[in-house]
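In what follows, a structure is listed as structure tokens, so that the remarks can point back to it.
Values in this text are rule-based calculations from the coordinates and carry no lab data. Source: prediction; values computed, not measured. When we count neighbours, we look across all protein chains shown, and the Cβ atoms used for this are built from the backbone with ideal geometry, even at glycine.
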Amino acid sequence: MDYTEVMVRYGELSTKGKNRRDFIGRLAGNVTRVLRDFPQIEIKAKHDRLHIILNGASFKAIDQRLKLVFGIQTYSPTIKVTKELDQIEKIALSLMKENFQSGMTFKVNTRRSDHQFQYDTNQLNKLVGDYLFDHMSDLKVDVKHPDLALRLEIRKDAAYLSNQTIEGAGGMPVGTAGKAMMMLSGGIDSPVASYLAMKRGVEIQMVHFFSPPYTTQKALDKAKELTSVLAAYAGKITFIAVPFTEIQETIKEKVPEGYLMTVQRRMMLELADLLCQKRHGLAIFNGKSVGQVASQTLASMRAINDVTTTPVIRPVAALDKTEIIKLAEKIGTFELSIEPFEDCCTIFAPPHPKTQPRLNQARQFEKQLDVAGLLERALNGVQVTTILPGEKFLDHPDTEDASLL
């Protein structure tokens with residue numbers, strides 16, 4: 001079926017009152033970025049719907065991108081026809097034959113913005129419905145809960161028909177809730193936390209710590225590729241790589257073993273906070289889940305959070321590992337997250353870290369370090385890149401081999 005348009009229905013935007021126009025504008029911008037590979041399309045953002053004029057672009061390809069965009073409740077591929085009854089009936093029959101299966105119920109649902117059109121909504125429902133009954137067998141009507149609804153819109157310029165309603169990603173358009181730093185490791189949890197933050201409209205910038213030669217280029221590339229997977233939900237994501245080798249070596253040398261992890265995480269958070277201030281962020285997100293490991297006890301979180309007054313938000317804090325893995329599989333990050341490239345959170349890990357660190361001791365041990373100098377040198381080595389959906393950073397031999405066949 002050669003669809004001519006995609007009709008997009010807004011989700012929570014309907015509750016946003018005076019801010020609605022800004023939210024719709026942000027959604028239109030995000031859709032434009034996600035569909036940047038289709039220069040022929042036109043995007044028209046209106047008060048009640050977003051219209052994507054395909055101009056020959058493949059709906060199947062558009063569909064794969066559109067279903068990931070936050071802020072969309074549902075959308076429908078649509079065919080534009082002239083406002084002539086025979087043309088409307090012809091396309092209605094084609095749509096029904098393509099998507100109807102034996103035993104389904106249906107109804108015709110007409111919406112008419114052109115009130116000068118010769119038929120009103122009830123007349124059109126009956127005329128088109130009768131035509132379908134005349135040309136198809138096994139049809140049953142259910143006006144309240146049909147399996148298939150044929151939607152007909154009569155606008156000023158033309159008639160528009162659709163009979164698919166596809167669920168969107170829901171949530172809020174990315175960027176409408178402001179900007180925040182996301183502390184991205186190479187594990188399972190932080191990509192899921194990133195997804196949940198973006199679903200609530202947060203524009204995240206990834207902060208990833210790397211410690212060569214203890215961590216490899218592959219570990220850094222893995223974090224970038226995870227970001228690329230997540231960028232499909234936002235159009236693009238800023239990736240900030242922070243060198244952490246000197247800080248980790250210094251902590252290893254000067255801090256007692258039981259507090260290595262606590263002081264290390266405190267300094268990571270301090271760096272994320274400085275980046276947040278520099279880049280005009282409003283909060284810091286991470287992938288901590290309460291009680292999962294030693295650094296995620298409430299006592300550890302209190303000792304680590306002590307370094308900042310910036311809000312630190314943990315979207316997966318109350319989820320167990322099984323729930324987090326399920327979400328990771330849903331969003332396509334799980335297989336990449338379990339690739340065995342160690343990140344800096346795992347190196348120098350003490351065998352017996354403090355699970356109930358004392359705040360005053362954490363502060364005291366940190367005072368023994370040249371914190372200001374260490375932070376400054378790390379920030380001077382920061383690498384900032386923009387990552388787009390689908391970018392590859394790791395070698396994928398299976399994919400390469402398949403392309404040679």
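Numbers at a glance
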read-out: Long pairs among 60/288; 222/326; 199/224, criterion Cα-Cα beyond 30 Å; value: 60/288
read-out: Diffusion constant of segment 178-399 at 4 °C, which comes from Stokes-Einstein with the Kirkwood Cα-pair radius and 1.567 mPa s, µm²/s; value: 74
read-out: Environment charge of residue 245, counting only residues whose C-beta is closer than 13 Å and scoring Lys/Arg +1, Asp/Glu -1; value: -2
read-out: Charge tally in the Cβ shell below 12 Å around residue 319, where Lys, Arg are +1 and Asp, Glu are -1, residue 319 excluded; value: +1
read-out: Length-normalised contact order for segment 83-157 - Cα pairs under 8 Å, 6+ apart - percent; value: 49
read-out: Gaussian network model of the chain, springs between alpha carbon atoms under 10 Å - residue of 228, 76, 102 with greatest fluctuation; value: 102
read-out: Anisotropy class of segment 229-281 from Cα gyration tensor, a/c 1.5 cut; value: prolate
read-out: Estimated 222 nm signal from helices in the chain, with DSSP H stretches of n ≥ 4 weighted -39500 (n - 2.57), rounded to 500; value: -12000 deg cm²/dmol
read-out: Relative contact order for the chain, counting Cα pairs under 8 Å that sit 6 or more residues apart, in percent; value: 17
read-out: Relative contact order (%) - criterion: Cα under 8 Å, at least six apart; region: segment 178-399; value: 35
read-out: Cleavage-rule hits, GluC sites (Glu not before Pro), segment 59-111, DSSP coil, Cβ neighbours within 10 Å at most 15; value: 84
read-out: Loop-located trypsin sites (Lys or Arg not before Pro) in segment 297-405, at most 14 other Cβ atoms within 10 Å (DSSP); value: 358, 392
read-out: Length added when fully stretched, residue 322-residue 113, from 0.36 nm per residue minus Cα-Cα; value: 70.3 nm
read-out: Segment 1-77 - Kirkwood radius from inverse mean 1/r over Cα pairs (Å); value: 12.5
read-out: Whichever lysines have a C-alpha closer than 18 Å to that of residue 46, once near sequence neighbours (fewer than 8 apart) are set aside; value: 16, 18, 80, 156
read-out: Spatially proximal lysines relative to residue 254 (Cα-Cα < 24 Å; intrachain offsets below 8 disregarded); value: 354, 367
read-out: Cα long-axis angle, helix 260-278 against the chain (0 to 90 degrees, to the nearest 10); value: 50
read-out: Part-to-part distance (alpha-carbon centres) for segment 292-366 and segment 139-210, which is given in Å; value: 28
read-out: Exposure proxy ranking, count of Cβ atoms within 10 Å, fewest first, for 233, 195, 119; value: 119, 233, 195
read-out: Cα-based helix-to-principal-axis angle, 85-99 vs the chain, degrees rounded to 10; value: 50
